[in-house]
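What follows is calculated from the coordinates using simple rules that are stated; it is not laboratory data. As the structure is a prediction and not an experimental result, all values here were calculated from the model. Quick reminder, even Gly has a Cβ in these numbers, built from the backbone with ideal geometry, and neighbours come from all protein chains shown.
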Amino acid sequence: MDEKYFAQKIEQKWQKRWAQNKTFEVEIDSAKQKFYVLEMLPYPSGRLHMGHVRNYSIGDVLAWYKRLQGCNVLHPIGWDSFGQPAEQAAIKKGVNPRDWTEDNIDQMRQQLQRLGISYDWSREIAAHRPEYYKFDQWFFLKMFERGLAYKKMTKVNWCPRDETTLSNEQASGGVCWRCGTKVEKKDIAQWFLKITAYAEELLHGMEEIEAGWAERVLTMQKNWIGKSEGAVVEFQIPNSRFQIPDSKQKKNLESIKVFTTRIDTIYGANAIVVAPEHPIIEENCQNFSDKVKTKIENNTKPNRQMCPSCQFRASPVRCIADKPC
Ligand SMILES: [Zn+2]
């Protein structure tokens, strides 16, 4: 017997045997208890790094443990391969983004196989392939039919050089993360998913997992679900100089609606601050000084400073609803 562990020799032998015997491919077996191990699917960026090795070893240990306990373990793998880096690589290297992605997957699959991770490779999926994303499209259409996917005009960060929208992070400091061009604001019709329709259900579901998670994580999750109960208040604006479009002509803005979760503090309100994206700002931009206009244009950060010149003096008149619109 060898006194040392010769990785090349031993691992190749067993990996070959596992592949031949389809050791990790599973079928439905009602006699055994089912166990499903799924790690986060990797983005095929090129080569595995030690973070991958750490993450996928942990999942593999669990899969082995449950297998040895007699469970029927499904341990699949796939690729989170629909992403912006492929687009960037295509632009930069002048290659087809699909070829680049498939090459990376081939490399990383070989590496995972050499690590001996016990995946059922017969179930491999990749998000950029039509046989996978046809289901994304199907889900989207179902959501659209039920009014859960809708289109709305919204201001986005826009790089005029790359001709692409940018997230707030990608437009940090007012310049494009790729090319350094000054970011513009552009009105574009965007798709939104109405996740708030499920707020109640999601919050209810969280009760089941509350014991196992830190308070900080639960709070983040609750904030993300974003259920907000409050009132919509309509403020009158006496002697308003502001114009709003009204079918064909413009009319004077006489009131403005505000949503608040703290209707009990409404008597302390003495001003309304309007976000730079609000349509009345655009309609009335000609009335602002150049200094204020520049401030509005440069507002690309998520926690931006509100424009002090856009405040209205107003007084609460009536509460018109008990739920957000
Ligand atoms: Zn750019």
statement: Final fewest-first order of 14, 224 on the 10 Å Cβ neighbour count is 224, 14
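Enumerate by residue number the GluC sites (Glu not before Pro) in segment 113-219 meeting two conditions: DSSP loop (anything except H, G, I, E, B), and at most 11 other Cβ atoms within 10 Å of the site's Cβ.
On the way: sites: 124, 131, 145, 163, 169, 184, 200, 201, 207, 208, 210, 215; in loops: 124, 163, 169, 207, 208.
Here the sparse-neighbourhood loop sites are 163, 169, 207, 208.
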message: Could you work out the relative contact order of the chain? I mean the mean sequence separation of Cα pairs under 8 Å and 6+ apart, divided by the number of residues, in percent.
response: 13
field: Inter-site label distance for residue 146 and residue 132 at 7 Å from Cα along Cβ, in nm
entry: 2.4
- prompt: Can you put 204, 278 in order, fewest other beta carbons within 10 Å first?
  reply: 204, 278
task: Would you order 213, 100, 18 from fewest to most other beta-carbon atoms within 10 Å of each residue's own beta-carbon?
output: 213, 18, 100
Per-residue ³J(HN,Hα) for segment 146-159, Karplus 6.51 cos²θ - 1.76 cosθ + 1.60, θ = phi - 60°, Hz, x for Gly and Pro: 9, x, 8, 10, 9, 9, 8, 6, 8, 7, 10, 6, 10, 9
- prompt: Using alpha-carbon pairs under 8 Å, 6+ residues apart, how would you state the relative contact order of segment 147-193 in percent?
  reply: 51
- prompt: Once the Cβ-Cβ distance between residue 199 and residue 16 is put in as r, and R0 is 51 Å, what FRET efficiency do you end up with, to the nearest 0.05?
  reply: 0.50
message: Restricting to DSSP H runs of at least four residues, report the calculated mean residue ellipticity at 222 nm for the chain, -39500 (n - 2.57) per run over all residues, nearest 500 deg cm²/dmol.
response: -10500 deg cm²/dmol
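Can you flag which of 92/293; 155/291; 155/227; 152/227; 34/134 are past 25 Å Cα-Cα?
Violating the 25 Å Cα-Cα cut-off are 92/293; 34/134.
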- prompt: About its Cα centre, how strong a charge dipole does segment 147-193 have in debye, to the nearest 20, once Lys and Arg get +1 and Asp and Glu get -1 at the Cβ?
  reply: 120
- line: Working note, segment 1-66: Cα radius of gyration (Å, one decimal) and Dmax (Å, whole number) are 15.3, 43
message: Using DSSP to call loops (not H, G, I, E or B), can you name the GluC sites (Glu not before Pro) in segment 6-88 whose Cβ has at most 15 other Cβ atoms within 10 angstrom?
response: 25, 27
message: If you wrap a convex hull around the alpha carbons of segment 7-133, what volume per residue comes out, as a whole number of Å³?
response: 124
task: List the lysines whose Cα lies under 28 Å from the Cα of residue 32, skipping any in the same chain that are fewer than 8 positions away.
output: 16, 22, 66
query: For residue 213, what is the net charge nearby, where nearby means another residue's Cβ is under 15 Å from its Cβ and Lys, Arg count +1, Asp, Glu -1?
result: -2
